[in-house]
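To start, the structure itself, in structure tokens.
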Amino acid sequence: MLSHDRPITRAWVIHPEVKSNPDRRAAEPALEEGVSLAAALPDLEVVGAGVVPLPKVHPGKLFGTGKIAELRHVFHDAEVELVLVDGPLTPVQQRNLEKEWDVKILDRTGLILEIFSDRARTAEGVLQVEMAALSYQRTRLVRAWTHLERQRGGLGFVGGPGETQIEADRRAIDMQLKALRQQLDKVVKTRTLHRAARAKVPFPIIALVGYTNAGKSTLFNRLTGAEVFAKDMLFATLDPTMRKIQLPSGDDVIMSDTVGFISDLPTELVAAFRATLEEVLDADLIVHVRDISHPQTEEQAEDVNQILTSLGVAEGAPILEVWNKIDQLDQDAADAVMTKADRTEDLFAVSAVTGARMDGLLAAMAEKVKDPRSEAELALTFAQGRERAWLFDQGVVLDETQVDDGYRLKVLWTALQQERFARL
């Protein structure tokens, strides 16, 4: 991973536009996102960027001989040390291009892994990133991963006779992955206990989701007064942050800020950060924050909706859509956006930076999490003392009668409290 005590590295971003790929992203916005990704690392200076059209992918070197020679001169003249290829590279392509250009090369997956490594804060986040990075390295094995033995405390291992270097490297990575999984299991168990404890709190959970850099953390800070790291860069937030807040209606809720989504997220990280998004699965309300000023806002929204659907969220909790950053639109565009939002149910146009038009959003949040109460009759045995105590703690018991085998209770509760009681 990139070290923060190193001098600034001069980097160049290229986006290969493969003409034969029908699913390719629009080149200029994709390049802009690639540059933003690079800018998210503190020790990189992006000294140049460009789209490189490709009729087809060359299996060994990605580009043709002429284009490789042309780019070699560009990188040499600009004193480039690192080339970021905004797309996938095979291990062979990466190795060959590094030899041709005499620079270090990272593909899109490698770059995102670097950013995740730089941003992860919680114990679970750090472990998830390490596992994702090792899974990525395992598929490549271009170089000998001798540093892994040092990370394992120098114990190392002795390979069998005739074992190849790649087999030894793969075994080293597998051992490291196994150790990380064991650590992660312990961390996840602890977090599960925390979530179980939170299930006893009768507060609804509101989860902010959205494409990376849509302004979720700025909105979170606006709503909660928390100083969450909010900066104009991709992946500013990687670990879920939770705060209890009181809505203007007087209702207490827990607000959760989550990792930003992104198109073509490396498969290693989709799996690794599923746990981070588990907070969304528990949510009683999803708030989908969009950067309405971004030229690709529709495509970004589609990416987010696909991930929510794959998580099984879309058919669960209600969703409010927030069109953020209206302060970055010209007046005519802002007026059109606000008019549409005012005429559309569950849609709100706001500026998290200035605080404009937040009242309507807050009122809708309160309305969505306000649960009508219903009466129910429960039969508890004497052994269910914990459940009985929980009901009294919640203040939902209207009447109680002791009978031969336990208690009969009449309760008035919300659907949320009923569901949490069932989990006890």
Query - Hits in segment 348-366 - residues which are surrounded by 19 or more Cβ atoms within 10 Å (Cβ to Cβ) and part of a strand (DSSP E or B) - result: Phe348, Ala349, Ser351
Query raised in the report: If you go through segment 118-136 one residue at a time, do you hit one that is among the aromatic types (Phe, Trp, Tyr) and assigned by TED's automatic domain parsing to the domain that holds Leu184?
Result: yes
Requested in this report: Return yes when Glu377 is assigned by TED's automatic domain parsing to the domain that holds Asp284 and not in a loop (DSSP other than H, G, I, E, B) and no when it is not.
Outcome: no
Query raised in the report: Has segment 251-260 got any residue that is β-branched (Val, Ile, Thr), modelled with pLDDT of 65 or more and closer than 19 Å to Thr309 by Cα?
Result: yes
Query raised in the report: How many of the residues making up segment 20-41 are modelled with pLDDT of 85 or more and either over 23 Å from the mean Cα position of the chain (by Cα) or aromatic (Phe, Trp, Tyr) (or both)?
Result: 2
Report task. Please give the number of the condition Ala78 fails out of (1) crowded, with 19+ Cβ neighbours inside 10 Å; (2) at pLDDT 90 or above; (3) small (Gly, Ala, Ser). Result -> (1)
**Report entry** Leading residue by the ranking (farthest from the chain's Cα centre (by Cα)) among those in segment 248-262 that are part of a loop (DSSP other than H, G, I, E, B) and surrounded by 19 or more Cβ atoms within 10 Å (Cβ to Cβ)
**Finding:** Ile262
Report task. Please indicate, with yes or no, whether at least one residue in segment 283-295 is among the β-branched types (Val, Ile, Thr), assigned to a helix (DSSP H, G or I) and surrounded by 13 or more Cβ atoms within 10 Å (Cβ to Cβ). Result -> no
Query raised in the report: How do the pairs read when you match residues in segment 405-424 that are surrounded by 12 or more Cβ atoms within 10 Å (Cβ to Cβ) and at pLDDT 90 or above with residues anywhere that are assigned to a loop (DSSP other than H, G, I, E, B) and among the aliphatic types (A, V, I, L, M), using Cβ under 6 Å and keeping only pairs 6 or more apart or on different chains?
Result: Val411/Val396
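The values are calculated or read from the model by the stated rules, or taken from the named source; none is laboratory data. Please read these numbers as outputs of a predicted model, since none were measured by experiment. Cβ sites come from the backbone with ideal geometry, for glycine too, and all protein chains shown count toward neighbours.
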